[in-house]
1. Quick check on my filter: what residues within segment 66-79 are modelled with pLDDT of 95 or more, assigned to a loop (DSSP other than H, G, I, E, B) and surrounded by fewer than 16 Cβ atoms within 10 Å (Cβ to Cβ)?
2. I'd like to verify a number: residues in segment 38-54 that are among the acidic types (Asp, Glu), in a helix (DSSP H, G or I) and surrounded by fewer than 18 Cβ atoms within 10 Å (Cβ to Cβ), how many?
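The values are calculated or read from the model by the stated rules, or taken from the named source; none is laboratory data. These numbers were taken from a predicted model, which means no experiment stands behind them. Every residue, glycine among them, receives a Cβ derived from its backbone with ideal geometry; neighbour counts consider all protein chains shown.
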Amino acid sequence: MAASTAHRRTSGPELDPDEREAIALAETLRADALIIDDKIGRREAERRKLRVIGTVRVLDDAAEAGLVDLPSALQRLQAFGFYLDGKLLQFLLDRDSARGRPRTES
């Protein structure tokens, strides 16, 4: 699919060009899920009946599998300006702590 076609298919002036492309690609590939964090992008993807997951979900799943140290990964995300609600952060940290898995360097 040409980029210009992707832009026309994924309307929404508020969408960043990268988000428009990601949504269009997910539709074209009939992707199982789209990893997207931007609220406007998520809403547009959901409106288009795409399954959306966020970066935090990917990291939480990886921590569950013992692949990453979740507290460290979340701290790194926040250091780069990634916003994470304080209550959600605490919930994730508490759940991760309850898993009792050995920590992995991430």
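1. LEU67
2. Here the count works out to 1.
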